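A short write-up of the structure that comes next.
The values are calculated or read from the model by the stated rules, or taken from the named source; none is laboratory data. Keep in mind that this is a model prediction, so the values were computed, not measured. Reconstructed Cβ throughout: ideal geometry from the backbone, glycine too, with neighbour counts over all protein chains shown.
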Ligand SMILES: C[S@@+](CC[C@H](N)C(=O)[O-])C[C@H]1O[C@@H](n2cnc3c(N)ncnc32)[C@H](O)[C@@H]1O
């Protein structure tokens with residue numbers, strides 16, 4: 001994926017069920033997960049590598065103010081269109097060093113982007129520093145394919161987070177076909193890392209790799 005031409009992918013990106021969230025069941029499934037992962041009160045959400053803005057839109061519908069960042073101008077254009085008229089801004093920039101100045105956020109949301117960054121550990125440290133007290137990182141990642149798998153296993157991600165965050169919550173997502181528009185056999189998961197390091201605000205604390 002690191003050499004994917006995202007501008008070229010943008011026009012058809014939303015055709016995948018979990019990208020465009022066009023199917024009401026898939027959309028509901030992601031909305032439910034986001035409601036669980038994001039703060040309960042409306043807050044400032046930074047969506048890094050936001051793509052066409054599908055998760056940004058769900059977050060906005062749940063009352064959050066969204067800032068999206070993507071390196072692809074075509075993706076940013078589509079995200080701006082998708083969230084036109086909402087309390088949301090989309091910036092062209094590097095997810096690893098987003099152009100947000102001194103702003104701080106209640107949640108930094110990153111789906112399917114971290115694994116392709118050249119130095120994911122460094123990005124995680126930077127993102128953690130963008131959180132307000134009580135904020136959280138929400139990372140959705142996986143390992144895709146069986147012949148030449150690509151991605152980042154949960155165990156590696158939680159290992160990278162260990163020096164930065166306290167206890168984190170790992171949620172397996174492979175067994176929920178509603179999220180993907182059908183059954184999947186590979187590894188898919190979310191990690192929620194609270195900035196206070198307690199990891200216990202919603203229960204379900206899991207050891208890395210569980
Ligand atoms: C698989 S898509 C995920 C899009 C969105 N997060 C989602 O889940 O629907 C990866 C996105 O990350 C963006 N991207 C990849 N590397 C990036 C980087 N270094 N900085 C900013 N965006 C990046 C791509 O342009 C693309 O929009």
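Odds and ends about this structure:
- Filter result (in contact with a helix residue (DSSP H, G or I) (Cβ under 7 Å, 6 or more places away or on another chain), over 22 Å from residue 33 (Cβ atoms) and in a strand (DSSP E or B)) within the stretch 91-124: 92
- Flag if residue 3 is closer than 27 Å to residue 120 by Cβ, at pLDDT below 95 and more than 9 Å from the ligand (Cβ to nearest atom): yes
- Residue list for the stretch 41-79, restricted to those being part of a strand (DSSP E or B), surrounded by fewer than 24 Cβ atoms within 10 Å (Cβ to Cβ) and in contact (Cβ under 8 Å) with a residue 40 or more places away in the chain: 44
So that you can scan it fast, the table gives a plain yes or no per residue for (1) within 16 Å of the ligand (Cβ to nearest atom); (2) within 20 Å of residue 16 (Cα to Cα):
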residue: 112; (1), (2): yes, yes
residue: 120; (1), (2): yes, no
residue: 143; (1), (2): yes, yes
residue: 149; (1), (2): yes, yes
residue: 153; (1), (2): no, no
residue: 162; (1), (2): no, no
residue: 165; (1), (2): no, no
residue: 180; (1), (2): yes, yes
residue: 195; (1), (2): no, no
